[in-house]
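Structure first, then comments.
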Amino acid sequence: MTDEVGVVTGDLTVTTEVRGDRAGVRVQYTGAEEWYTVTGSPLVIVAGNGEWLHAAMVRAVEQGLPEGLVGVELV
């Protein structure tokens, strides 16, 4: 789920941008120019530098996030 266009499916690219203690998560259709904010982003980073968060987001997007990041446990 994205803020701008709702649900996106298909071949997606994920980016996680860390700024201070927050990480913004965006997706795009692979090869497209437009990026979309995953609903619920930015997330607060409570430990580490955000690399684990990016890996968890890639796994979560692969599994589908129909509600965005609302209620997601990234473990």
Can you tell me which residues in region 22-32 are under 23 Å from Gly10 (Cα atoms) and either open to solvent by 40 Å² or more (accessible area, probe 1.4 Å) or part of a strand (DSSP E or B) (or both)?
-> Gly24, Val25, Arg26, Val27, Gln28, Tyr29, Thr30, Gly31
Only one of these is polar (S, T, N, Q) and modelled with pLDDT under 85: Gln28, Gln63. Name it.
-> Gln63
Checked against (1) in contact with a helix residue (DSSP H, G or I) (Cβ under 7 Å, 6 or more places away or on another chain); (2) at pLDDT 85 or above; (3) within 16 Å of Met1 (Cα to Cα), Val38 satisfies every condition except (1)
When you scan region 33-49, how many residues do you find that are out of contact with any Leu (no Cβ under 8 Å at 6 or more places or on another chain) and surrounded by 13 or more Cβ atoms within 10 Å (Cβ to Cβ)?
-> 4
So how many residues does region 3-16 have that are open to solvent by 70 Å² or more (accessible area, probe 1.4 Å) and either in a strand (DSSP E or B) or not charged (D, E, K, R) (or both)?
-> 3
Where residues in region 17-28 are in contact (Cβ under 8 Å) with a residue 12 or more places away in the chain and in contact with a Gly (Cβ under 6 Å, 6 or more places away or on another chain), which of them is nearest to Ala56 (Cα to Cα)?
-> Ala23
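The values are calculated or read from the model by the stated rules, or taken from the named source; none is laboratory data. Fair warning: this is a prediction, and the values are worked out from it, not measured in the lab. All Cβ positions, even for glycine, are placed from backbone atoms using ideal geometry, and neighbour counts span all protein chains on display. Quick note on the areas: whole protein, heavy atoms, side chains included, nothing else; ligands and nucleic acids left out. Shrake-Rupley method; radii C 1.70, N 1.55, O 1.52, S 1.80 Å.
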